[in-house]
Amino acid sequence: MKKLLIIAAAFIAISLQVSANSSNKTKDDKDDSINVFVHSNASKIVWHYHDNFDIATFTKDGYLMKAYYDAQGNMVSTTRALKNRNELPMVVLNNLDKQYPGWGMTDLFEENGLDKEMVYYAKVTDGDRSLILKITPKGRISKF
C-alpha cells in the first residue's frame, strides 16, 4: 500500500509541476488548514514532506486519508484508502472483472485532485504478475 501511495504522490508531483521548495507555513498553520478541510473530524494527524509536497496523513470516519499541499500551502489533492472492492462503482467493478478475470485486488484508493477528475487506483495480481491500475469513475482502465 505504501508503494502505491508513493507512486501516486510522485505522479501528482510530476503532473502538477510543483516547485521543490517546502511550504513556509508553521505546523500550527498546517494543523489549522487540515482541520478546516476535514471539519475538525480527523484524528491522528501526522505531517511529513515528500516529493515536493507537505502531506497530512490522518484518519477520518474510519478511513486513512492524505492531503497533499504544494510549496505555497495550497491543497492540491486528497486520497482515501478504500476498505474493500465493493466501495468502487459497479461499472468499475464490471470492467475490472472483464479485463482482469481471476486477478486479486488490493491497495485500493481514490484520489481527488482539485483541478482534475476523481480517479481510483488499484493493485491487481494474478499470482505471478502485479499491476497498478488507474481507473476513472466511468470504468476506463489504464496501467499506471
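The values are calculated or read from the model by the stated rules, or taken from the named source; none is laboratory data. Here the structure is a predicted model, which is why all the values come from computation and not from measurement. All Cβ positions, even for glycine, are placed from backbone atoms using ideal geometry, and neighbour counts span all protein chains on display.
Please verify whether H39 is out of contact with any Phe, Trp or Tyr (no Cβ under 9 Å at 6 or more places or on another chain) and either at pLDDT 90 or above or crowded, with 19+ Cβ neighbours inside 10 Å (or both), treating the condition exactly as stated. When the stated conditions are applied, H39 does not pass them. Contact map, segment 131-142: residues that are within 10 Å of P89 (Cβ to Cβ) paired with residues that are surrounded by 14 or more Cβ atoms within 10 Å (Cβ to Cβ) and of a type outside the set (A, V, I, L, M), Cβ distance under 8 Å, separation 6+ or inter-chain. Pairs shown: I135/N95; I135/Y120; I135/Y121; T136/Y120; P137/P89; P137/Y120; G139/P89; G139/N95. Checking L133, L64, L96, L108 one by one, the residue that is aliphatic (A, V, I, L, M), assigned by TED's automatic domain parsing to the domain that holds A42 and crowded, with 16+ Cβ neighbours inside 10 Å is L64 and no other.
Taking the criterion of being over 20 Å from Y120 (Cα atoms) and either of a type in the set (G, A, S) or surrounded by fewer than 19 Cβ atoms within 10 Å (Cβ to Cβ) (or both), the residues of segment 67-85 that qualify are A71, Q72, G73, N74.
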